[in-house]
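Q: Got a structure here, written out as structure tokens. Questions coming.
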Amino acid sequence: MKNTFKISALVLAFAGFAFGAKAQTTTPTTTSTSTTTNNGIRYSIGVDAGIPLGNFKDNYKWNLGGSVQADIPVISNQLFVTVNAGYNNIFGKKNQVGPLGQYDVTNFQLIPVKAGLKYFIIPNFYVQGEAGAAFLLNKKDVGVNKSTAFVYAPQVGVQFPVSANGNFIDAGIRYEATTKYATGVDQSKVSFLGLRVAYGF
């Protein structure tokens, strides 16, 4: 029930951003505040949050972090190559019951580095797909035998202007998952539903 509530909250937050984007979308003849018409690299700095899914949610409850991203135009107004790097702290559950009694699950500390494509289906609304590597900073603390895993992240989002000089808000919901950090242990695969809200310039 708690996870359902959190997922619903994320969806509602995204819907709010989408509504804001619709209200602020410029007309085709007004490009001064567009976030997709300028040729050149666009940068954004964002806050990331998420809710673990699958087997991973058995031991972890939520994650919080930040990321920086560069959008490099390939086709003006529509297609961009993305490069993203960030930090994610995934909080372990407290007072779990195991063979030796109660224990606290150690947080997962990750640095994901990804690249991909961002495609605007219509102005201000995009689909994005990224893949790369997620580096685990505390391998010994969490008891796994790998410090690097493959990561992939499909995403949908909205991007809308907030100033006349092209600054923008980028808000997206994504599914992010990795391969196993411990050989043969499904619970060591990280997967979560994430929300990124970023300021771009």
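The values are calculated or read from the model by the stated rules, or taken from the named source; none is laboratory data. Please read these numbers as outputs of a predicted model, since none were measured by experiment. Quick reminder, even Gly has a Cβ in these numbers, built from the backbone with ideal geometry, and neighbours come from all protein chains shown.
Q: Could you tell me whether the stretch 64-77 includes any residue that is at pLDDT below 95 and either touching a Pro at 6+ places or on another chain (Cβ under 8 Å) or not in a strand (DSSP E or B) (or both)?
A: Within the stretch 64-77 (the criterion being at pLDDT below 95 and either touching a Pro at 6+ places or on another chain (Cβ under 8 Å) or not in a strand (DSSP E or B) (or both)), the answer is yes, since at least one residue qualifies.
Q: Could you tell me which of the residues ASN95, ASN145 is loosely packed, with under 14 Cβ neighbours inside 10 Å and in contact with a helix residue (DSSP H, G or I) (Cβ under 9 Å, 6 or more places away or on another chain)? Quick ask: steps written out before the conclusion?
A: On the way: ASN95 fails: in contact with a helix residue (DSSP H, G or I) (Cβ under 9 Å, 6 or more places away or on another chain).
The match here is ASN145.
Q: Looking at the stretch 144-181 only, could you name the residues that are modelled with pLDDT under 95 and small (Gly, Ala, Ser)?
A: Passing the criteria: SER163, ALA164, GLY166.
Q: For the stretch 174-192, what are the residues that are of a type outside the set (Lys, Arg), buried (at least 19 other Cβ atoms within 10 Å of the Cβ) and under 10 Å from the mean Cα position of the chain (by Cα)?
A: The answer is GLU176, PHE192.
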